[in-house]
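Before any comments, here is the structure.
The values are calculated or read from the model by the stated rules, or taken from the named source; none is laboratory data. All values reported here derive from a predicted model rather than from experimental measurement. So basically every Cβ, Gly included, is an ideal-geometry build from the backbone, and we count neighbours across all protein chains shown. Side chains included, ligands, DNA and RNA excluded: accessible areas come from the protein's heavy atoms. Shrake-Rupley method; radii C 1.70, N 1.55, O 1.52, S 1.80 Å.
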Amino acid sequence: MGESLANRPPFLEKAMGKAWRTPAYNAEVAARARGGSVKNDDLSERRRTAVREAMRHSWQGYKKYAYGEDELEPITRTGSNAFGHLGATAIDAIDTLWLMGLEKEYLEARELVADFPKRMMEASPLSTFECTIRVLGGFMSTYYLTGDELYLNNARELGDRLLFAYSRKGVGIPSGYMSLHTLQGSHPSWLGSRFLLAEFGTTQLEFYALSKETGDMKYAKASAKPLEAVHGMYPNSSLLPTHFNNLGEIIPPMRYTMGAMADSYYEYQLKAWLQAGSHRDEMVHDTGRRWERSMEAMSRFLVHRYKGFTALQEVGGAFDEKVPNSHLGKISKSMDHLSCFVPGMLGLGVYKARDLMTSSQQVKFLKLAEDLTQTCYLFYHSTSTGLSGDAYSYHADKILPAGAQNLLRPETVESLMILYRATGNNKYREWGWEIFQAFEKHCKVEAGYSGVTDVTRPSAELDNKMQSWFLAETLKYLYLLFSPSDVLSLDEWVFNTEAHPMMIW
């Protein structure tokens, strides 16, 4: 493992003209993370306890049947390894275990995480993006919560190796896959020479945090470089399509969406700005204003409205953002469950980034957030199981599952949590409890929780997969939904796209 960071080396290097002189870690903020200053009401506390027990049940199944594996297959009671055999569920879940006060389970996860440097050297190639948001993000968040340098040392060891994914020609877009052992990057054959906006646009929070805490700006510089290049090439394009080449050039056919392959790029434009807190003059690449312009363009081109029904749509082909309704390509009336992060993102922006928008924008974006949250809730409420499908198509105001599986995804409950904190409207807690009860009824088994293959069938056949994000994100956001607002206060923490909380600077 790396040397102790107790004696932080003097700052020697500037990143693109910006100097980060002090770490963000604050022991007083960490001590407040579990709350305690605001009393919970009895009903919400009972519901929060039920979510905590679901987390305990999930972990116990993983510990018993798949400890050290990446994910649990709860029906066959076996493990699977799609993330390098690093123990991804333990790394993804450890901050949730700590947050919920599950001390025994937390220590079990820490024991596995302590062996990470050895496991890293034996890991099979894995997604650079997934490794960044799940593993690096998990280490940084748990360091921020606990102050335990084990996690920061692991993060630095991992970050040093992930940087080799960025050492390709062009504008520094990282390779899609990475061997942490050989330090060789590779790219999925199905992508050919294309790179995904959501992947190179969703590493900044993690790498910025690592630079902030170690004093080494190489991580922040590598992560910011491709974004700076693409934004410099397309300064007037608030919305960006999903595919680029390694020179940062758009690759047709162009597809504009808030769903898969683009989604978290927009999320990180806002959240990197929020992460910088009172130190925005130190930002490597300020994306706050670009986020505001992106949301304006999204509201004009990617939102479908019909008689009170509101959903997101996709646009294929080029269009001129300066001309309303200038679509030159096909409009697809479809919406992924992944896109259900958007109302939470808008709500977070209105709640925490008012400096970026006018008062009329605040009203407009909050109304859009509330309307989209209603639609995401309907994805669940409209099925016989009470579970959402993974994708929907719609005509006018009628929605139909286009992908009927449920993968225990977190995006809707994430938005419910943020909208509740932003508005105080109790309906978001009621909707969240309804969703949690559907998980309990249809997804809970002896060994944990499983996804469902078809949410339209009351029998709810299970898919034998407990996604690590269920512990990292879904249960964490449900727990926070029923917690007082001082638990991981949005004034002091910002969540990465895997729900790992980072301290605001």
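The residue list ARG119, ARG168 contains one member that is touching a helix residue (DSSP H, G or I) at 6+ places or on another chain (Cβ under 9 Å) and among the charged types (D, E, K, R), which is ARG119. Scanning the stretch 247-258 for residues that are crowded, with 17+ Cβ neighbours inside 10 Å and in a loop (DSSP other than H, G, I, E, B) turns up GLY248, MET254, THR257, MET258. Mind listing whichever residues of the stretch 304-356 are of a type in the set (Gly, Ala, Ser) and part of a helix (DSSP H, G or I)? Hits for the stretch 304-356 are SER339, GLY344, GLY347, GLY349.
Residue check: ALA272 meets all listed conditions (1) in contact (Cβ under 8 Å) with a residue 24 or more places away in the chain; (2) outside any helix (DSSP H, G or I); (3) within 21 Å of the chain's Cα centre (by Cα) but one, namely (2). Being modelled with pLDDT of 95 or more and open to solvent by 10 Å² or more (accessible area, probe 1.4 Å) is a description that does not apply to ASN496.
Scanning the stretch 52-88 for residues that are part of a loop (DSSP other than H, G, I, E, B) and open to solvent by 10 Å² or more (accessible area, probe 1.4 Å) yields TYR67, GLU69, ILE75, THR76, ARG77, ASN81, ALA82, PHE83, HIS85.
Checking the stated criteria, SER175 turns out not to satisfy the condition of being in contact with a strand residue (DSSP E or B) (Cβ under 7 Å, 6 or more places away or on another chain), in contact (Cβ under 8 Å) with a residue 60 or more places away in the chain and small (Gly, Ala, Ser). I'd like the full set of residues that are touching a residue at least 60 places away in the same chain (Cβ under 8 Å) and of a type in the set (A, V, I, L, M), limited to the stretch 228-256. Across the stretch 228-256, the qualifying residues are LEU239, LEU247, MET254.
Assess whether LEU366 counts as being at pLDDT 95 or above, farther than 27 Å from THR96 by Cα and part of a helix (DSSP H, G or I). So LEU366 fits the description; yes.
Applying the criterion of at least 3 residues that are within 30 Å of PRO23 (Cβ to Cβ), open to solvent by 40 Å² or more (accessible area, probe 1.4 Å) and of a type outside the set (Gly, Ala, Ser) to the helices (runs of 4 or more DSSP H) found wholly in the stretch 167-246 leaves 218-233.
Every residue, every condition in (1) surrounded by 22 or more Cβ atoms within 10 Å (Cβ to Cβ); (2) among the hydrophobic types (A, V, I, L, M, F, W, C); (3) closer than 30 Å to LEU400 by Cβ, yes or no:
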{"position": "ALA260", "(1), (2), (3)": "no, yes, yes"}
{"position": "SER264", "(1), (2), (3)": "yes, no, yes"}
{"position": "GLU267", "(1), (2), (3)": "yes, no, yes"}
{"position": "LEU270", "(1), (2), (3)": "yes, yes, no"}
{"position": "TRP273", "(1), (2), (3)": "yes, yes, no"}
{"position": "GLY277", "(1), (2), (3)": "no, no, no"}
{"position": "ASP281", "(1), (2), (3)": "no, no, no"}
{"position": "HIS304", "(1), (2), (3)": "no, no, yes"}
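Exactly one residue out of GLY192, GLY185, GLY176, GLY170 is under 19 Å from the mean Cα position of the chain (by Cα) and either farther than 27 Å from ASN245 by Cβ or small (Gly, Ala, Ser) (or both): that is GLY176. Scoring MET217 on the criteria (1) out of contact with any helix residue (DSSP H, G or I) (no Cβ under 8 Å at 6 or more places or on another chain); (2) farther than 21 Å from TYR265 by Cα leaves a single failure, condition (1). In the stretch 336-358, the residues that are without any contact (Cβ under 8 Å) to a residue 12 or more places away in the chain form Cβ pairs under 9 Å with partners that are open to solvent by 10 Å² or more (accessible area, probe 1.4 Å) and part of a helix (DSSP H, G or I), at six or more places apart or across chains, as follows: ARG354/GLN362.
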